[in-house]
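Working notes, beginning with the structure itself.
The values are calculated or read from the model by the stated rules, or taken from the named source; none is laboratory data. Note that the structure is a prediction, hence the values are computed from the model and not measured. With ideal geometry, Cβ positions are generated from the backbone for all residues, glycine too; neighbour counts draw on all protein chains shown. Remember, those area values only see protein heavy atoms, side chains included, never the ligands or the DNA or RNA. Shrake-Rupley method; radii C 1.70, N 1.55, O 1.52, S 1.80 Å.
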Amino acid sequence: MQAESVFMSENVFTGTSDEALPLAICVRGGLICAVVPKGEAEPFIGPSTRVEDFGDAFLCAGFHDAHVHAFHSALYSSPLAEMFLGESEADCVARLAPLAKRKPHGWLLAQGWREYRWNPPVLPSKASLDTAFPSRPVALYSGDAHTLWLNSCALRELGISRESVPPAGGSYDVDEEGELTGIVREAAAMALMPRIMATFSDEEILGAYQGFLARLASLGITSICDMALSAEPGLDFVRDDIYRTLEGRGQLTCRAHLFPTLTRDVSRFESMRDELRGPLVQARGFKQFFDGVSSQHTAWLAEPYTNAHFEGDCGRPTVDPALMRDYVMGAARRGFAVRIHAISDEAITQAIDIFEEANARFGAPAIGHHCIEHLENMKEPDVARLAKAGIVASVQPPHITLDPGGPERDLGDERCKVMWPFASFLREGATLAFGTDSPVVDVNPWSGIYTAVTRQDAKTHEPKGGWLASERISAADAIRAYTAGAAASAGRENEIGKLAAGMWADIAAFDRNPLVDAEQCPELMLETHAIATFLAGRPVFDSRKA
Ligand SMILES: [Zn+2]
């Protein structure tokens, strides 16, 4: 049987072993029809076969980011908005200047500030923004998007006054005089998001998605899971309409697996499933939120935070456990998988309890696997329980070093001993799926792979020796988590994530061999660049033509 294309290299990592070998990948109709030793490709090559020999480049399955918020990733990587950390309140205000120049009218939107990394670590207020921008609305979401910092003009445009009542689970912060500070928290910050985002036109947003897709392809990423952003119905920002438009125009260069918010009403999901039947965009399951984030003491702990703000400061469940149970049983009864955001030990324990019950009552999901997202600090026995229940561990390695000293400060040394336990997951036989939670951190997979291998930050290379170094994993395991493991999080491990006969020909070629770099000098993994990216055998990025 002749192949349409044959991709070959001295270093092909199929995902089925730990090595990169001299192989040829033969492709027909977008699918891999054979993977053979490089010297044995001849029978597959006919007069019309396109043969690409990548020499000693590293070929592997296209990367799959298992946890992305595509709308926000697209927006903040576009010229429409800004993403920055900022060294201080004043620095954040100053960093808005280029955006204000680029966009002379209307809202100024940015995300990324983390006041706990400032010195002193105090919340900003509307005053600094008012001085710089007295007459146009400004909105700055924090790095985790849980807190919103507004100026007076934005508060006015949104109709928020000192008398306004925030939605349950949120707040409009006020000072001692009862004056609004411009800080809006949690559910209240979430509720304002669609109104702020509605200030962009459909064409602007579509352009932002196109830019984001081009970046993904340039990084060798051929799949994403687009995850609901919020627990609230209508606020998940999973934009099936945009994917439909892009797919219709033939501009979709990455597979997108949609995970809208799980509520009792599953009709939106079911209509997405019915309408999205192609191999590129599919609704694969649900997302829900069990807790928040440790740095804000909203992640749900069994025992209080080490630096407790008040007695019994254990965080809290975002969704009441009884309601979460109802939600999950409702989905599981229909055979659908659920992905639960659970950062801290109590949320994780209860999520596993619920999934165990769902499995006992309804069996494993017909499509996909239940997943837990983030999995930061855990009770030790829960690692094995998660593996035994067939729950995919969906984690984001760059988060390990996002808040240096934060875990020790918030959780104490004892709880830090079982945190982001990647090696333990693999030892217990769990499936590990890697992603970024973009835009929380950038989508470049090599930062995550480097951090998983070294337990060090990709920018600072700190801490020396690695944070909880016993949980380091090999480069081969890290790449598998970014390909086959992530495919499992979308329930597509039989179609994508490995280079094997019968799989889609989603392939990335890179200019360095990370298996060698990981052994010799892990920092060099960060210098890895994609040479070319193929989706179903079709080129979606080629640096040689750029
Ligand atoms: Zn997320």
Report summary line: Residue pairs within 9 Å by beta carbon, gap of at least six or interchain, first lying in the stretch 243-267 and farther than 25 Å from V338 by Cα and touching a residue at least 24 places away in the same chain (Cβ under 8 Å), second among the aromatic types (F, W, Y) and open to solvent by 10 Å² or more (accessible area, probe 1.4 Å), listed first then second, are T253/F541
Report task. Just give me the residues in the stretch 399-409 being in a helix (DSSP H, G or I), open to solvent by 10 Å² or more (accessible area, probe 1.4 Å) and within 23 Å of V68 (Cβ to Cβ), in sequence order. Result -> H399, T401
Requested in this report: Would you kindly identify the helices (runs of 4 or more DSSP H) lying entirely within the stretch 188-285 that contain at least 3 residues that are under 18 Å from the mean Cα position of the chain (by Cα)?
Outcome: 202-218
Query raised in the report: Has the stretch 269-276 got any residue that is under 19 Å from A347 (Cα atoms), of a type outside the set (K, R) and surrounded by 21 or more Cβ atoms within 10 Å (Cβ to Cβ)?
Result: no
Query raised in the report: Do you know which of the residues in the stretch 450-492 that are among the β-branched types (V, I, T) and farther than 17 Å from A508 by Cβ is surrounded by the most Cβ atoms within 10 Å (Cβ to Cβ)?
Result: T451
Requested in this report: Report whether or not E357 is of a type outside the set (S, T, Y), open to solvent by 20 Å² or more (accessible area, probe 1.4 Å) and in contact with a helix residue (DSSP H, G or I) (Cβ under 8 Å, 6 or more places away or on another chain).
Outcome: yes
Report summary line: Taking the stretch 79-127 and keeping residues under 22 Å from the mean Cα position of the chain (by Cα), open to solvent by less than 40 Å² (accessible area, probe 1.4 Å) and under 24 Å from G207 (Cα atoms) leaves L80, A81, E82, F84, L109, A110, Q111, G112
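Take the residues in the stretch 155-187 that are assigned to a helix (DSSP H, G or I) and at pLDDT 95 or above, then tell me which one is surrounded by the most Cβ atoms within 10 Å (Cβ to Cβ).
Residue satisfying both the conditions and the ranking: L155.
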Report task. Give me a count of the residues in the stretch 344-385 that are more than 20 Å from D320 (Cβ to Cβ) and within 16 Å of the ligand (Cβ to nearest atom). Result -> 3
Report task. Would you mind telling me which numbered condition in (1) surrounded by fewer than 19 Cβ atoms within 10 Å (Cβ to Cβ); (2) touching a strand residue (DSSP E or B) at 6+ places or on another chain (Cβ under 6 Å); (3) of a type in the set (V, I, T) V138 fails? Result -> (1)
Query raised in the report: Are any of the residues in the stretch 192-207 more than 16 Å from the ligand (Cβ to nearest atom), crowded, with 19+ Cβ neighbours inside 10 Å and over 30 Å from R249 (Cβ atoms)?
Result: yes
Report task. Please list, ordered by first then second residue, the pairs with beta carbon atoms under 6 Å, 6 or more apart or interchain, first in the stretch 122-141 and closer than 17 Å to A97 by Cα, second in a loop (DSSP other than H, G, I, E, B) and of a type outside the set (V, I, T). Result -> K126/N151; L129/N151; D130/N151; F133/N151; P137/W107; V138/N151
Query raised in the report: What's the number of the condition M227 fails, among (1) at pLDDT below 95; (2) within 16 Å of the ligand (Cβ to nearest atom); (3) open to solvent by less than 10 Å² (accessible area, probe 1.4 Å); (4) out of contact with any helix residue (DSSP H, G or I) (no Cβ under 6 Å at 6 or more places or on another chain)?
Result: (1)
Query raised in the report: Any residue in the stretch 410-424 that is surrounded by 22 or more Cβ atoms within 10 Å (Cβ to Cβ) and closer than 15 Å to E523 by Cβ?
Result: no
Query raised in the report: For the stretch 135-181, what are the residues that are of a type outside the set (A, V, I, L, M, F, W, C), over 23 Å from T318 (Cα atoms) and in contact with a Ser or Thr (Cβ under 8 Å, 6 or more places away or on another chain)?
Result: D175, T181
Query raised in the report: What are the pairs, 6+ residues apart or on separate chains, where a residue within the stretch 60-76 that is open to solvent by 10 Å² or more (accessible area, probe 1.4 Å) has its Cβ under 9 Å from a residue that is assigned to a strand (DSSP E or B) and more than 16 Å from the ligand (Cβ to nearest atom)?
Result: Y76/E82; Y76/L109; Y76/A110
Requested in this report: Taking S295 as the residue in question, decide whether it is surrounded by fewer than 16 Cβ atoms within 10 Å (Cβ to Cβ), among the small types (G, A, S) and part of a helix (DSSP H, G or I).
Outcome: no
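Return the residues of the stretch 320-343 that are more than 15 Å from the ligand (Cβ to nearest atom) and open to solvent by less than 30 Å² (accessible area, probe 1.4 Å); say none if nothing qualifies.
The initial filter retains those residues of the stretch 320-343 that are more than 15 Å from the ligand (Cβ to nearest atom), namely 320-337.
Listed by number, the residues that qualify are M324, V328, M329, G330, A331, A332, G335, F336, A337.
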Report summary line: Only one of (1) over 24 Å from Y76 (Cα atoms); (2) polar (S, T, N, Q); (3) away from the ligand (no atom under 16 Å from the Cβ) does not apply to N444, and that is (1)
**Report entry** Filtered residue count, the stretch 10-19, keeping only those that are over 15 Å from I496 (Cα atoms) and crowded, with 24+ Cβ neighbours inside 10 Å
**Finding:** 1
Query raised in the report: Restricting attention to the stretch 268-293, which residues are in contact (Cβ under 8 Å) with a residue 60 or more places away in the chain and among the charged types (D, E, K, R)?
Result: R284, K287
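A quick yes/no check of all residues on (1) among the aromatic types (F, W, Y); (2) over 30 Å from T431 (Cα atoms); (3) in contact with a Gly (Cβ under 6 Å, 6 or more places away or on another chain):
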site	(1), (2), (3)
I45	no, yes, no
S73	no, no, no
P79	no, yes, no
E82	no, yes, no
S88	no, yes, no
C92	no, yes, yes
P104	no, yes, no
R117	no, yes, no
